[in-house]
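Take a look at the structure below.
The numbers here are math on the coordinates, done by the rules we state, and not lab data. For clarity, every value in this text was computed on a predicted model and none was experimentally measured. Neighbour counts run over all protein chains shown; Cβ positions are idealised from the backbone, glycine included.
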Amino acid sequence: MTQASLGLAPAPGSLDATFAALRSDLLDGDVPRISTMRNYRFALLVYPPKDELALRGHTARLTADLSQRGWVVLTLSLQKLLLARIHARGDDFVRRLIERERRASAKGHDRALNVLREKLADLLEGPDGLAADIAAEVDAFAAAHPGQVDRTLVVLGRAGALYPFLRCSALLRHLDGRTHQIPVVLLYPGERHGDQGLSFMGVLSPDRDYRPRIYG
């Protein structure tokens, strides 16, 4: 049960308040207002990593609310998309990746992370990385729901499962121009620093290379 369901004003900075602001900007008016730029419909919803399970409940309720109002919602797991990319390389690739990570782990945690970062870079980064798979999913979804661009929402979740390899700001840059102007909300586990600074998982140094509107 949420504060909103009890008729109470959500506490500032809470997930209730964050989702209430997003819901308002999506539903109030003729077109979604999640961005101040007409041709850049991206937003980040920032939440504490410890609230992952609570976030999923809020996301499910938002999806149900939008669906009741005639919207269509595409929710994508970044974790599942990456795992699909890895398995598409074949069993030999997976076995070699695991074995190399094990050998590197014997020399230190940082060495193992660097090995994985090197091997996963081409699967994650650039216009032909994870952004390409997201764009393909959005293409198919848009084709299945023609004429509903202004009443469609794409939600990108499970970013925390890709820590510390994912660079959220770069991912959104490579998605720009490839989403049919459909509003896209990236669920961002981390901390906000000032107006635009974000620390992924609350661990990495704050990144201020963000254009999207930030909720939370």
Sorting Q196, L113, I134 by the position of each Cα along the dipole of the chain (Lys, Arg +1; Asp, Glu -1; all at Cβ), the one nearest the positive end of that ordering is L113
Scoring the range 96-188 by relative contact order with C-alpha pairs under 8 Å, at least six apart, yields a percentage of 31 percent
Rounded to a whole number, the Stokes-Einstein D of the range 81-144 in µm²/s (Kirkwood radius over Cα pairs; 10 °C; 1.306 mPa s) is 121 µm²/s
The FRET efficiency for L53 and H193, from their Cβ-Cβ distance with R0 = 30 Å and rounded to 0.05, is 0.75
The Cα radius of gyration of the range 122-169, divided by 2.2 N^0.38 Å with N its residue count, comes to 1.34
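How big is the charge dipole of the chain about its Cα centre, in debye rounded to the nearest 20, if each Lys and Arg gets +1 on its Cβ and each Asp and Glu gets -1 on its Cβ?
It comes to approximately 420 debye.
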Taking every C-alpha to C-alpha distance in the chain and binning by 5 Å from 0, the per-bin percentages run 1, 6, 14, 18, 19, 16, 11, 7, 4, 3, 1, 0
Percent relative contact order for the range 1-132, counting Cα pairs under 8 Å at least six residues apart, stands at 12 percent
For the range 39-55, Karplus-derived ³J(HN,Hα) couplings (6.51, -1.76, 1.60; θ = phi - 60°; whole Hz; x for glycine and proline) come out as 9, 9, 9, 10, 8, 10, 10, 8, 8, x, x, 5, 9, 4, 5, 4, 4
Length gained, H109-R33, 0.36 nm per residue minus C-alpha separation, equals 23.0 nm
For K119, the aspartates and glutamates lying under 14 Å Cα to Cα, once residues fewer than eight places off in the same chain are dropped, come out as D92, E99, E101
Taking every DSSP bridge whose two residues both lie in the range 65-216, the antiparallel percent to the nearest 5 is 35 percent
Cross-link reach from K80 to aspartates and glutamates, straight Cα distance under 12 Å and at least 8 residues apart if same chain, gives D133
Largest fluctuation, R23, R85, R111 only, Gaussian network model of the chain with Cα springs under 10 angstrom, belongs to R111
